[in-house]
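Novice: Following this message is one structure expressed as structure tokens.
Every number here is computed from the coordinates shown, using simple stated rules; none is lab data. These figures come from a predicted structure and were not determined experimentally. Here Cβ is always computed from backbone atoms with ideal geometry, including for glycine, and neighbour counts include all displayed protein chains.
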Amino acid sequence: MRIVSVACSSAPPPPELVAKAREFVDELASSCGKSVAIALGGYWGLMRVVADRAIEKGLTVIIMPPLEREDTEFPSQAIVVKTGVSYRVRSVFLVRTGDALVALGGSSGTMQEVLTAYCEAKPIYILLTGLESDNLAKLGPYIDARKLTKLKFYEDPRKLARDLAKEIGCSNREPNPAS
């Protein structure tokens, strides 16, 4: 099973971002079936939208909340890993767990997770959403001269999911019947 770590806003998302997040999950489920799991850093804001949609589609969902939010009520279908660490440290666990990182829009936490993924040379896919994380596009496709991994930017969440599926090797798997 491949694991996709998803970095996204903890704030209540605008309706257009909810729609894009659902499109991303739908396409990933269609492309990968049950051969992919989604890892998230919590169950609030846009993370909750992604988790709920992934569960609806029959995907495995892993939630790694920070110590400060371990008392949140989580869906019974999710695997919850109580990290016992702060937000920032939890982000490192989230990134290192995945085979790739997808940023679906957010602020400094999302950007930290992108920078951590870059330092870990993980494939990085970023959806342009109008949120602060869009500023990452100013860094270019590479954050520094080491060119550890390329930042890939998308406006279409379905294309992002299809390209990601190819990258992690699940684009030709049998589709998930829940899709």
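Novice: So what's the back-of-envelope 222 nm ellipticity for the chain, counting only DSSP H runs of four-plus at -39500 (n - 2.57) apiece and dividing by all residues, rounded to 500?
Specialist: Calculated mean residue ellipticity at 222 nm is -11500 deg cm²/dmol.
Novice: Here is a follow-up. Could you point to the label whose value was computed as Kirkwood radius over Cα pairs in Å for the structure here, given (1) 16.3; (2) 15.8; (3) 17.6?
Specialist: From the options (1) 16.3; (2) 15.8; (3) 17.6, the structure gives (2).
Novice: Which of the chymotrypsin sites (Phe, Trp or Tyr not before Pro) found in the stretch 78-179 are in a DSSP loop and have at most 16 neighbouring Cβ atoms, other than their own, within 10 Å?
Specialist: Taking the stretch 78-179 and a limit of 16 other Cβ atoms within 10 Å, the loop chymotrypsin sites (Phe, Trp or Tyr not before Pro) found are Tyr142.
Novice: Related question: Assigning unit charges at the beta carbon (Lys, Arg +1; Asp, Glu -1) and nothing else, what dipole magnitude in debye, to the nearest 20, does the chain show about its Cα centre?
Specialist: 480
Novice: Of the GluC sites (Glu not before Pro) in the stretch 28-113, which ones lie in a loop per DSSP and count no more than 12 other C-beta atoms within 10 Å? Don't skip to the answer; put the middle values down first.
Specialist: Numbers: sites: Glu56, Glu68, Glu70, Glu73, Glu113; in loops: Glu70, Glu73.
Answer by residue number: Glu73.
Novice: List the Cys residues of the chain that have no partner Cys with a C-beta closer than 4.7 Å.
Specialist: Cysteines lacking a close Cβ partner in the chain: Cys8, Cys119.
Novice: In addition: On a 28 Å Cα-Cα criterion, which of the cross-link pairs Lys82/Lys159; Lys122/Lys159; Lys82/Lys152 come out too long?
Specialist: Table pairs above 28 Å Cα-Cα are Lys82/Lys159; Lys82/Lys152.
Novice: By a straight-distance test (C-alpha under 15 Å), which aspartates and glutamates pair with Lys166 as possible cross-link partners, with residues fewer than eight away in the same chain excluded?
Specialist: Correct list for Lys166: Glu27, Asp99, Glu174.
Novice: Report the longest stretch of the chain that contains none of the trypsin sites (Lys or Arg not before Pro) sitting in a DSSP loop with at most 16 other Cβ atoms within 10 Å.
Specialist: Longest run free of exposed loop sites: 1-81.
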